[in-house]
1. Among the residues in the stretch 301-316, are any open to solvent by less than 20 Å² (accessible area, probe 1.4 Å) and either among the charged types (D, E, K, R) or within 18 Å of the chain's Cα centre (by Cα) (or both)?
2. Give the residue that is nearest to ARG91 (Cα to Cα), with candidates limited to residues of the stretch 27-56 that are assigned to a loop (DSSP other than H, G, I, E, B), of a type outside the set (Ser, Thr, Tyr) and open to solvent by 30 Å² or more (accessible area, probe 1.4 Å).
3. Would you check which residues across the stretch 354-366 are surrounded by fewer than 19 Cβ atoms within 10 Å (Cβ to Cβ) and on the phi > 0 side of the Ramachandran plot and list them?
4. Counting residues that are in contact with a helix residue (DSSP H, G or I) (Cβ under 6 Å, 6 or more places away or on another chain) and on the phi < 0 side of the Ramachandran plot, which strands (runs of 3 or more DSSP E) fully inside the stretch 305-353 reach at least 1?
5. Select from the stretch 96-120 the residues that are in contact (Cβ under 8 Å) with a residue 60 or more places away in the chain and either open to solvent by less than 10 Å² (accessible area, probe 1.4 Å) or within 15 Å of GLU179 (Cα to Cα) (or both) and list them in ascending order.
6. Considering the stretch 264-282 alone, what residues qualify as being assigned to a loop (DSSP other than H, G, I, E, B) and either closer than 21 Å to PHE72 by Cα or in contact with an Asp or Glu (Cβ under 6 Å, 6 or more places away or on another chain) (or both)?
7. Sort out which residues of the stretch 146-158 are outside any strand (DSSP E or B) and surrounded by fewer than 15 Cβ atoms within 10 Å (Cβ to Cβ), and write them in order of number.
Amino acid sequence: MQLRRYACRAMILDISFRESVRMTGERTRIAYVGARTTRARNARGNGLNVYRLTRDLSWEHRQLLEMENPSFLAFDRTGHFLYTVHGDSDRVSAFSIDPASGHLTFLNEQSTKGRNPVHLSFDPSNRFLIVANHVTSTLAVLRRQEDGRLGEVESLTTIEGEIGPHRIEQPFAKPHQAEFDPSGNWIVVPDKGLDKILVYRLDHVRGALVEVVSCPTREGAGPRHVAFHPEGRLAYVINELDSTVAAYHFDPATGSIKPFQILSSLADSFTGNSRGAEITVSHDGRFVYASNRGSDTIAAFSIGEDGRMTPLGSWSTTGRTPRFFAVLPEGRTLLVANEDTDTITACSIDKATGHLSPASSTLAVGSPVCILFKDMDHT
């Protein structure tokens, strides 16, 4: 499908914006919000929205780029460019970021040579982009050019293996993420269809992936996303299908990953249906947070010195279907994208206990599914 030229609506007001920043000298935080947009997804989003996020968590709209399903976003390693996959399609798009206003300019798009790309990340050299094609069981490697544009797919790795027992959700291999570990040497791929965590290394000469580890999960778990502890030797995985969080020892020297604990992400009083979605480790490495679509909660766990988790409780997102959430850099605020109530809600984090407080502010935006932040430095 031909994209709509990413028409920018007249909300940017670049001149007055830059002048106000120059006069106040304040650092400006920009938020990029991806959304579902298609009827097939019963979506109400309008594309990729750009906001200025103030200190009191007010959202000032700056730009709208109309496009289909900008469903997961990522910066390159310099932070000067932004990239998005287009869910349910076969495309990935590149944008440059204006260093003063944060607004986006479309550069180009490329095919991912697969269907429903769901995640993307850059290698430490910033030369290669890895994309997970969820429903065609492939990992695509694209080369990034110096000007930020993307080249065509250089290699396509097909994932094969014995599928899990869920007769609807596990018909074939379904990679849901391609995440570099903190060392940048390994790419960890939770595969929801095979009930496996796969680990690859990138051959920089050929631009191809080489599998080095295949670690099975609990049958029917459906691993979805992984988050690393800052020190790089612990990893935590949210399992979508059985709503659990698993802890792993990770060896940055070999890429080996081994499970040692698994806990439910749901309160024991919740008896309905729910699916795990997003997971993150706090910046200080003391807590794990995981979202649940169905119970519509964020679960929190403390991390002990041995890496084991202790449940702290769960808190309502005051919306439905928290597909994604992100913690602001200061570690005191967690923002949740509630896909089915068209809201982003903000919760306060007690940095001493890891507990969350009820939502303190809300942004109305259609079918939000991803949030990225960038602090603009001004002199």
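The values are calculated or read from the model by the stated rules, or taken from the named source; none is laboratory data. What you are looking at is a predicted structure, and each value in this text was computed from that prediction instead of being measured. Don't worry about glycine lacking a Cβ; one is built from the backbone with ideal geometry, like all the others, and counts go over all protein chains shown. The protein model used for the area step is the full one, side chains on, heavy atoms only, and it has no ligands, DNA or RNA in it. Shrake-Rupley method; radii C 1.70, N 1.55, O 1.52, S 1.80 Å.
1. There is no residue in the stretch 301-316 that is open to solvent by less than 20 Å² (accessible area, probe 1.4 Å) and either among the charged types (D, E, K, R) or within 18 Å of the chain's Cα centre (by Cα) (or both).
2. ASN46
3. none
4. Details: elements: 309-316, 322-327, 333-338, 343-348.
Of the strands (runs of 3 or more DSSP E) lying wholly inside the stretch 305-353, those with at least 1 residues that are in contact with a helix residue (DSSP H, G or I) (Cβ under 6 Å, 6 or more places away or on another chain) and on the phi < 0 side of the Ramachandran plot span 322-327.
5. Those that are in contact (Cβ under 8 Å) with a residue 60 or more places away in the chain and either open to solvent by less than 10 Å² (accessible area, probe 1.4 Å) or within 15 Å of GLU179 (Cα to Cα) (or both): SER101, GLY102, LEU104, HIS119.
6. Of the stretch 264-282, the ones assigned to a loop (DSSP other than H, G, I, E, B) are 265-274, 282.
Across the stretch 264-282, the qualifying residue is only SER282.
7. First, pick out the residues of the stretch 146-158 that are outside any strand (DSSP E or B): 146-149.
Listed by number, the residues that qualify are GLU146, ASP147.
Quick grid of which residues meet (1) aliphatic (A, V, I, L, M); (2) open to solvent by less than 20 Å² (accessible area, probe 1.4 Å):
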residue: ARG206; (1), (2): no, no
residue: VAL212; (1), (2): yes, no
residue: ARG218; (1), (2): no, no
residue: GLU240; (1), (2): no, yes
residue: ALA246; (1), (2): yes, yes
residue: PHE250; (1), (2): no, yes
residue: PHE260; (1), (2): no, no
residue: LEU266; (1), (2): yes, no
residue: VAL281; (1), (2): yes, yes
